[in-house]
1. Quick check on this structure: which one of Thr38, Thr2, Thr18, Thr14 is surrounded by 10 or more Cβ atoms within 10 Å (Cβ to Cβ), modelled with pLDDT under 95 and among the polar types (S, T, N, Q)?
2. Among the numbered criteria (1) touching a residue at least 40 places away in the same chain (Cβ under 8 Å); (2) surrounded by 10 or more Cβ atoms within 10 Å (Cβ to Cβ); (3) not charged (D, E, K, R), which one does Phe45 miss?
3. With respect to Glu26, is the statement that it is surrounded by 14 or more Cβ atoms within 10 Å (Cβ to Cβ) and of a type in the set (D, E, K, R) true?
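The values are calculated or read from the model by the stated rules, or taken from the named source; none is laboratory data. Since we're looking at a predicted model, the values are computed, not measured. Reconstructed Cβ throughout: ideal geometry from the backbone, glycine too, with neighbour counts over all protein chains shown.
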Amino acid sequence: MTVRLFVARPLPGTVGETRRVVHVFEVPPEDAAPERLTALCGLMFGPGQLELLERLQGMPCESCLRLTPTPDPKVIERGADQTGNKRAS
């Protein structure tokens, strides 16, 4: 089973600067529109509280990192992209 993840951090002003760490979230199902998003570490965020990040940047939430699922080694070994196609070398 593939788990889709995204990273985000609290917007400036919603928490103190030292608490603006990057959290990891599971992408909600397409048919779900949750009122609050829960990071892997258990912290919950409401609308307008998060800055979506396109890549990892900034200080990570260590608890989220610890709870992030590891990639499937079979997929990494065969060098497949998300569609199962081989990547060009």
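1. Of Thr38, Thr2, Thr18, Thr14, the one residue that is surrounded by 10 or more Cβ atoms within 10 Å (Cβ to Cβ), modelled with pLDDT under 95 and among the polar types (S, T, N, Q) is Thr14.
2. Every condition holds for Phe45 apart from (1).
3. In short, yes.
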